[in-house]
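Engineer: Below: one structure in structure tokens.
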Amino acid sequence: NMNDMFPNEQLRYTETLTGKRQEPLSFIISAPNDKQFIKLFTNSGWFLADRMNIPSMIKLTESAMLKQSYPRAPMTPSFWNKKVHHFGFEKPTASNNVSERHHARFWKTNYKTINGNNIYVGTASLDTNLKWGITHKINPNIDGEQEYLYNDIKNANDLTSFKKQKFVKPILGHNFSEDPFFTNGKIYIITF
């Protein structure tokens with residue numbers, strides 16, 4: 001039940017480190033376990049991002065300066081329910097360099113479906129450029145990126161069910177690095 005999972009309006013949105021509201025969640029996915037959940041993305045041509053640490057940050061900086069590919073580059077943290085994302089997935093664009101990538105961030109919730117599947121929530125965005133050397137500038141049309149990820153998942157996996165429904169009011173907003181975004185406020189609910 002949506003109201004059980006999101007007892008307050010804030011839980012329908014991601015947040016900055018200081019708790020300021022960011023973009024709304026755009027996916028609820030249920031999968032038997034973390035391994036199967038990750039497979040949903042890797043089957044679709046997406047890479048699980050490296051954890052952010054000193055070696056991965058050095059590699060990211062070098063890749064950005066040399067305009068090289070780094071398909072598992074660490075991602076800027078995003079927060080939901082006061083937790084940093086558990087899974088970051090990315091897919092290179094045609095330019096195949098580190099400053100332009102498709103991104104998805106997901107959190108594992110404490111909720112399970114009736115049949116015992118884990119429930120994960122997440123967002124998707126398209127990074128169009130690097131800003132300040134480490135964080136990305138996003139394409140404001142996050143719904144376009146939601147469709148892109150959904151089509152990748154749907155085309156590469158045998159899904160049990162999927163539907164799209166209204167989740168929050170349409171919104172114009174800004175993320176943590178003040179990039180604008182807009183969305184119709186709909187969410188995909190996918191069962192793998």
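Engineer: Checking the condition touching a Gly at 6+ places or on another chain (Cβ under 8 Å) and of a type in the set (Ser, Thr, Tyr), which residue from Thr14, Thr61, Thr93, Thr76 passes? Talk me through it step by step, then tell me what you get.
Structural biologist: On the way: Thr14 fails: touching a Gly at 6+ places or on another chain (Cβ under 8 Å); Thr93 fails: touching a Gly at 6+ places or on another chain (Cβ under 8 Å); Thr76 fails: touching a Gly at 6+ places or on another chain (Cβ under 8 Å).
Thr61 is the lone residue from the list that is touching a Gly at 6+ places or on another chain (Cβ under 8 Å) and of a type in the set (Ser, Thr, Tyr).
Engineer: Quick check: is even one residue across the range 22-35 out of contact with any strand residue (DSSP E or B) (no Cβ under 6 Å at 6 or more places or on another chain) and open to solvent by 70 Å² or more (accessible area, probe 1.4 Å)?
Structural biologist: For the range 22-35, residues out of contact with any strand residue (DSSP E or B) (no Cβ under 6 Å at 6 or more places or on another chain) and open to solvent by 70 Å² or more (accessible area, probe 1.4 Å): present.
Engineer: For the range 46-56, state whether one or more residues are closer than 23 Å to Asp152 by Cβ, open to solvent by less than 60 Å² (accessible area, probe 1.4 Å) and touching a Leu at 6+ places or on another chain (Cβ under 9 Å).
Structural biologist: Within the range 46-56, one or more residues are closer than 23 Å to Asp152 by Cβ, open to solvent by less than 60 Å² (accessible area, probe 1.4 Å) and touching a Leu at 6+ places or on another chain (Cβ under 9 Å).
Engineer: Same structure again: For the range 58-95, give me each residue that is among the basic types (Lys, Arg) and closer than 30 Å to Asn8 by Cβ. I'd like the intermediate steps shown before the answer.
Structural biologist: Step one: list which residues in the range 58-95 are among the basic types (Lys, Arg), which gives 59, 67, 72, 82-83, 91.
Lys82, Lys83 - these are the residues of the range 58-95 that are among the basic types (Lys, Arg) and closer than 30 Å to Asn8 by Cβ.
Engineer: Listed residues Val121, Val98; which is crowded, with 20+ Cβ neighbours inside 10 Å, under 17 Å from the mean Cα position of the chain (by Cα) and either at pLDDT below 95 or farther than 15 Å from Thr14 by Cβ (or both)?
Structural biologist: Val98
Engineer: Checking Asp158 against (1) touching an Asp or Glu at 6+ places or on another chain (Cβ under 7 Å); (2) outside any strand (DSSP E or B): exactly one of these is not met. Which one?
Structural biologist: Just one mismatch for Asp158, condition (1).
Engineer: Go through the range 135-192 and give me each residue that's touching a Pro at 6+ places or on another chain (Cβ under 6 Å) and polar (S, T, N, Q).
Structural biologist: Asn184
Here's the yes/no breakdown for (1) buried (at least 20 other Cβ atoms within 10 Å of the Cβ); (2) under 22 Å from Pro24 (Cβ atoms); (3) among the charged types (D, E, K, R):
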{"residue": "His85", "(1), (2), (3)": "yes, yes, no"}
{"residue": "Phe89", "(1), (2), (3)": "yes, yes, no"}
{"residue": "Ala94", "(1), (2), (3)": "no, no, no"}
{"residue": "Lys108", "(1), (2), (3)": "no, yes, yes"}
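Engineer: Next question. Any idea which of (1) over 27 Å from Lys39 (Cα atoms); (2) modelled with pLDDT of 95 or more; (3) surrounded by 14 or more Cβ atoms within 10 Å (Cβ to Cβ); (4) over 15 Å from the mean Cα position of the chain (by Cα) is the one Asn157 doesn't satisfy?
Structural biologist: It fails just one condition, (1).
Engineer: To continue, here is another question. Checking the conditions here, which among Ala73, Ala104, Ala64 is over 18 Å from Ile187 (Cβ atoms), surrounded by 15 or more Cβ atoms within 10 Å (Cβ to Cβ), hydrophobic (A, V, I, L, M, F, W, C) and within 15 Å of the chain's Cα centre (by Cα)?
Structural biologist: Working: Ala104 fails: over 18 Å from Ile187 (Cβ atoms); Ala64 fails: within 15 Å of the chain's Cα centre (by Cα).
On inspection, the qualifying residue turns out to be Ala73.
Engineer: Within the range 170-187, which residues are touching a strand residue (DSSP E or B) at 6+ places or on another chain (Cβ under 7 Å) and not hydrophobic (A, V, I, L, M, F, W, C)? Reasoning before the result, please.
Structural biologist: Within the range 170-187, the subset touching a strand residue (DSSP E or B) at 6+ places or on another chain (Cβ under 7 Å) is 170-177, 179-183, 185-187.
The answer is Pro170, Gly173, His174, Asn175, Ser177, Asp179, Pro180, Thr183, Gly185, Lys186.
Engineer: Of all the residues that make up the range 161-189, how many are hydrophobic (A, V, I, L, M, F, W, C) and assigned to a loop (DSSP other than H, G, I, E, B)?
Structural biologist: Residues that pass the stated criteria total 3.
Engineer: So which helices (runs of 4 or more DSSP H) stay within the range 1-91 end to end and still have 2 or more residues that are out of contact with any Ser or Thr (no Cβ under 6 Å at 6 or more places or on another chain) and at pLDDT below 90? Full working, then the answer.
Structural biologist: Details: elements: 2-5, 34-42, 54-65.
It comes to 2-5, 54-65.
The values are calculated or read from the model by the stated rules, or taken from the named source; none is laboratory data. Keep in mind the model is a prediction, meaning the values are calculated, not measured. Virtual Cβ from ideal backbone geometry, glycine too; neighbours counted across all protein chains shown. Note: accessible area is taken over every heavy atom of the protein model, side chains too, but ligands, DNA and RNA are not part of it. Shrake-Rupley method; radii C 1.70, N 1.55, O 1.52, S 1.80 Å.
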